[in-house]
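Worksheet: the structure to be examined is printed underneath.
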Amino acid sequence: MMRSDPSFFRMPNSFASGLGEREAAILREIVEEYVETGEPIGSRTLAQRLKLSLSPATIRNVMADLGRAGLLFSPHVSAGRLPTEKGVKLFVEGLLQFGTLSDEDRASIDSRLEIHGRSYQETLAEASSMLSGLSSAAGLVLAPKSDATLKHIEFVALGPGRVLVVLVSSDGQVENRIIETPAGLPHSALVEAGNYLNAHLGDLTLGTLKERVSKEMDVNRHELDALTASVIESGLATWDADGGTLFVRGQGKLLADITEIERLTTIRMLFDHLETQETMLQLLQLADASEGVRIYIGSESGMFGMSGVSMIVAPARNEAQKIVGAIGVIGPTRLNYGRIVPVVDYTARMVGRLLG
C-alpha cells in the first residue's frame, strides 16, 4: 500500500532502512512471512520468491550479514531465519509502506461508532472491541477524566444486590456503572442517595463532589441512614476522579497459540499491568508526545518491559487539537502493521470528534 498523506504516520525516530537493495528485499520478505505465518523462511524459498535474481548461496550470505547486524536469527540450526525485534523495527520504520483506508472500511468504523441510543461508555467499549476484531489483538481506548461539571446522578435498582449508577454531565455525556449493594436494600435508600448527591452538585466536577461529600459525610454521618451512606460511597467510588476510563477488549487473543509457560506468564503480567492507573497515565503521555500514530516494538515504550509484544497508539484530539483520549492496539510482534496503523489512525480521529 502506498502512503498518500505524508503526515499520516509518525514514528518516534523515523529513518531510512540504511540497507542495500538485496538486504532490504530479503529482510522485507522474511518479516512479511513472519507476520503472516510466524514461520522461518529459508534461502531456497527466498530465491524463488524474490524478484531479484539471486542464488540460494548468495541469499545465505546476505542472511548471515543480517544476522550479524542483529536483524535476523535462526530458531534452529538447520532452520530458516526469523526477524529479531530490531529487524521488525527496522522493517516498520524504513521498509513498510502505509496507506489509507478504503471507503468501505471507513463506513464500517463510522457505523460502529454511532452514539445514537448509546452512552459514551458503550460507544468507547464498542470502539475497543472493533479495534480488537480488526487487528486480531487487544484493542485499547482510553478516555481521560472529564472536566465537565455534573448535572444529575441517579440510582436505579437492577435486581437483588445490584444497582445501576447513572451520571449525567453538563456537556451531555452519560456514564453508567453497576455497583453491588446489601441484600434487601429498600428503594427509599436509592432515592435518598440520589437526592443527597443532586442537592450537592451545584456546578461541581466529579472530583470536587467526591471531596465535598466525603468531608460532609464524615461530619454529618448521623443524619444519613447507614444503607444510604453506603450507596453514596459505593456510587462515587466506582468512578476514578483522578484518572480516566480504559477499555480493553480482546485480551484472549494475546493468548492464542501460546504454549510456553514463560510466555503465558508474561502475557498474564501484561493483563495485570493494563489494569493499573499508571498504565492510563503512560498511554496519555505516549499519545501526547506524538502528532500521529506511533509503533513501539517490545519494551521500547517503557510501559511493559517485555519482549514479544508490540503496541500501536495514537492520540484522539478534539477540534482544538487538545488530547481527549488515546487509541491503540497491543499484540504480538507479528502484528499486521500495514493494515492496523491506518485503522488506529482513523479510529483515533473519529473518537477525538466524539469526545471533543
query: Somewhere in segment 266-287, is a residue at pLDDT 85 or above and at negative phi?
result: no
query: Taking segment 70-100, which residues are out of contact with any Lys or Arg (no Cβ under 8 Å at 6 or more places or on another chain), assigned to a loop (DSSP other than H, G, I, E, B) and more than 23 Å from Ile312 (Cα to Cα)?
result: Pro75, His76, Val77, Ser78, Ala79, Gly80
field: Selection status of Gln173, within 21 Å of Leu201 (Cβ to Cβ) and touching a residue at least 12 places away in the same chain (Cβ under 8 Å)
entry: yes
- prompt: Any idea which residue in segment 196-212 is nearest to the chain's Cα centre (by Cα), counting only those that are open to solvent by 60 Å² or more (accessible area, probe 1.4 Å) and either of a type in the set (Gly, Ala, Ser) or closer than 19 Å to Gly172 by Cβ (or both)?
  reply: Asp203
query: Mind checking which residues of segment 123-174 are open to solvent by 20 Å² or more (accessible area, probe 1.4 Å), modelled with pLDDT of 80 or more, closer than 25 Å to Asn318 by Cβ and assigned to a strand (DSSP E or B)?
result: Lys151, His152, Val166, Val168
Meets criteria (open to solvent by 30 Å² or more (accessible area, probe 1.4 Å), small (Gly, Ala, Ser), modelled with pLDDT of 90 or more and in a helix (DSSP H, G or I)) for Ala25: no
task: Note down all Cβ pairs under 9 Å where the first residue falls in segment 329-344 and is outside any helix (DSSP H, G or I), the second is acidic (Asp, Glu) and open to solvent by 10 Å² or more (accessible area, probe 1.4 Å), and they're at least six residues apart or on different chains.
output: Pro332/Asp257; Thr333/Glu85; Arg334/Glu36; Asn336/Glu36
field: Test for Thr58: is it under 38 Å from the mean Cα position of the chain (by Cα) and either surrounded by 14 or more Cβ atoms within 10 Å (Cβ to Cβ) or within 19 Å of Glu32 (Cβ to Cβ) (or both)
entry: no
task: Determine whether Val313 is open to solvent by less than 10 Å² (accessible area, probe 1.4 Å), farther than 19 Å from Ala125 by Cβ and in contact with a Phe, Trp or Tyr (Cβ under 9 Å, 6 or more places away or on another chain).
output: no
Number of the exception - Thr45 against (1) open to solvent by less than 50 Å² (accessible area, probe 1.4 Å); (2) modelled with pLDDT of 90 or more; (3) on the phi < 0 side of the Ramachandran plot: (1)
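The values are calculated or read from the model by the stated rules, or taken from the named source; none is laboratory data. In this text the structure is predicted, and so the values were computed from the model without any measurement. Quick reminder, even Gly has a Cβ in these numbers, built from the backbone with ideal geometry, and neighbours come from all protein chains shown. Accessible surface areas use protein heavy atoms only, side chains included; no ligands, DNA or RNA. Shrake-Rupley method; radii C 1.70, N 1.55, O 1.52, S 1.80 Å.
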